Ligand code: NAI
């Protein structure tokens, strides 16, 4: 396939944002790179931007001037596609348009040797469809870098219907030698990252639609309790609502209107108003200089309890028991179904039912639920909700407990599954379906989400940590509550549950 010489020769077609980044990555790994763009000045501009990037590395002491000059010296701009005749690999990063990309690969097929591998950096087009117009579709593969390519560690290697495994393996080895974490995926809409990440945005938008809490509160809970680097609403502001909304719409259509991918009226409203996020100065947040940022809602300090009763095992929240003891609160244990009790107030981890519904079966008058946290020891914030039948006093007592453990408490309205729990269960559910449908393996889901989006832990590994039975219970409850197919449990998750297995056994 590739020629057996020292470093494969790489061509980059399309010298925009992604093309420049990928050229920098390949040249930094010692590959000769030839760069073409239909706009003749673009490769020169790209090389200048790479130089600026490398200069920043020099300033940080990570690169010498000599190394920079060598890297730049490996990148050859060209004004003619014919110069690509002898390259081993073409990485295409031109405009996201199927017909334009197909036309380019048609031209390349007439120019390049039969051993040249054709890779597309497309983030949304089907590799199968792109390859179908080639005489030899077996040499076409997706090589999906993330922006900025020199920084982001993930590359999705996308197998079209006709792509041969030798091509997949070779580009995987190549991108791995460039310091990237490669995940192999079938060509399906969104590949891995853009598909599995949908609930991260989707559930946050639903929480807003259902008035669960304010914008900064959703983000603060996801960051400071869920351990995500950015809250979903902040992230949508950064990506741009036009882009995020268009991706969601195209995924929804591509999956034949599967309600899992349904777009949100909350986001459409922002797009219609031209509030596209940071780039327009306003989205969910106001980015103007004079803007005052509304803080997340946090409950004022409440009295700490002196005694807590632990009923049974708390599962993923089990570390709370030692924390309570360490806070010099008296703890007594009784048999039970995994909850805490402060006087007459029952405090339990959300299981996907609203507190208002759950109170009916808990045989208590005062019920407060708490949300999932990535790690109850390290997290800064915990979200609570109370049943409609319960009193504000109950909520304050539960809040006093978490405040005694050093946590900031946010109160959300009584939406089933709360904030972190429903989002993480839906991420795991989508990841599970991706595996179940043979798109990729489990490790690929978790690697993709950790390195492509920076999640603190892969969603399948997270599901194991929560407990497969709890994740299934949460999803079942959401499914029943909303009566929507969106929350149906993935067959693989169900199977793991029935077998009493984890994803990683
Ligand atoms: P860009 O607009 O920055 O650059 C595209 C370049 O391709 C331009 O310089 C343009 O002159 C050139 N071009 C357009 N048609 C051409 C043709 N027929 N032949 C040769 N050159 C042509 O675009 P960007 O953002 O770099 O995206 C490129 C590809 O990478 C798209 O397929 C996009 O979906 C994908 N992608 C983009 C990401 C991003 O965050 N920007 C992330 C991952 C993938």
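Quick note: the coordinates plus some simple rules give every number you see, no bench work behind them. Keep in mind it's a predicted model, so treat the numbers as computed, not measured. A quick note on method: Cβ atoms are made from the backbone with ideal geometry, for glycine too, and the neighbour counts reach across all protein chains shown.
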Note: residue 164 to residue 211 extended length (0.36 nm per residue) minus current alpha-carbon separation gives 12.0 nm
Row for the stretch 442-505, column shape: gyration tensor on C-alpha, a ≥ b ≥ c, rounded if a/c < 1.5 i.e. under 1.5, prolate if a/b over b/c, else oblate; value oblate
On the formula 1/(1 + (r/R0)^6), with r taken between the Cβ atoms of residue 443 and residue 495 and R0 of 22 Å, the FRET efficiency rounded to 0.05 is 0.75
The alpha-carbon center of the stretch 95-110 and that of the stretch 167-246 are separated, in whole Å, by 29 Å
At 4 °C and 1.567 mPa s, the Stokes-Einstein diffusion coefficient in µm²/s for the stretch 364-502, with hydrodynamic radius from the Kirkwood sum on alpha carbon pairs, is 80 µm²/s
In degrees rounded to 10, the 0-90 angle between helix 165-177 Cα long axis and the longest Cα principal axis of the chain is 80 degrees
What helix-only [θ] at 222 nm does the chain give? Using -39500 (n - 2.57) per DSSP H run of at least 4, over all residues, to the nearest 500, the answer is -13000 deg cm²/dmol
Computed over the Cα atoms of the stretch 331-439, the Rg and Dmax in Å are 15.2, 50
Rounded to the nearest 10, the angle in degrees between the Cα long axis of helix 198-209 and the longest principal axis of the Cα atoms of the chain comes to 40 degrees
Taking the stretch 306-371, the whole-percent share of alpha-carbon pairs separated by over 17 angstrom is 37 percent
Taking a crude spin-label model, label points 7 Å out from Cα along the C-beta direction, the residue 70 to residue 41 distance in nm is 3.3 nm
For the stretch 401-464, shape from the Cα gyration tensor axes a ≥ b ≥ c, cut at a/c of 1.5 then a/b versus b/c, turns out prolate
For 115, 376, ascending order of other Cβ atoms within 10 Å (fewest first) is 115, 376
Computed over the chain: longest principal axis from alpha-carbon atoms vs helix 442-453 long axis, angle to nearest 10 degrees, is 80 degrees
Taking the alpha-carbon centre of each part, the distance from the stretch 258-332 to the stretch 416-472 in Å is 20 Å
PRE zone check, label point 7 Å out along Cα-to-Cβ of residue 388, amide N under 15 Å, scope the stretch 409-436, hits 413-416
Full extension between residue 337 and residue 100 adds, at 0.36 nm per residue less the Cα distance, a length in nm of 79.3 nm
Output for the chain (equivalent-ellipsoid semi-axes, sqrt of 5λ from the C-alpha gyration tensor, Å, descending) is 48, 24, 21
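Thinking of the stretch 247-362 as a set of Cα atoms, what percent of all their pairs are more than 16 Å apart?
76 percent
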Rounded to one decimal in nm, the spacing of the 7 Å Cα→Cβ label points at residue 356 and residue 265 is 1.9 nm
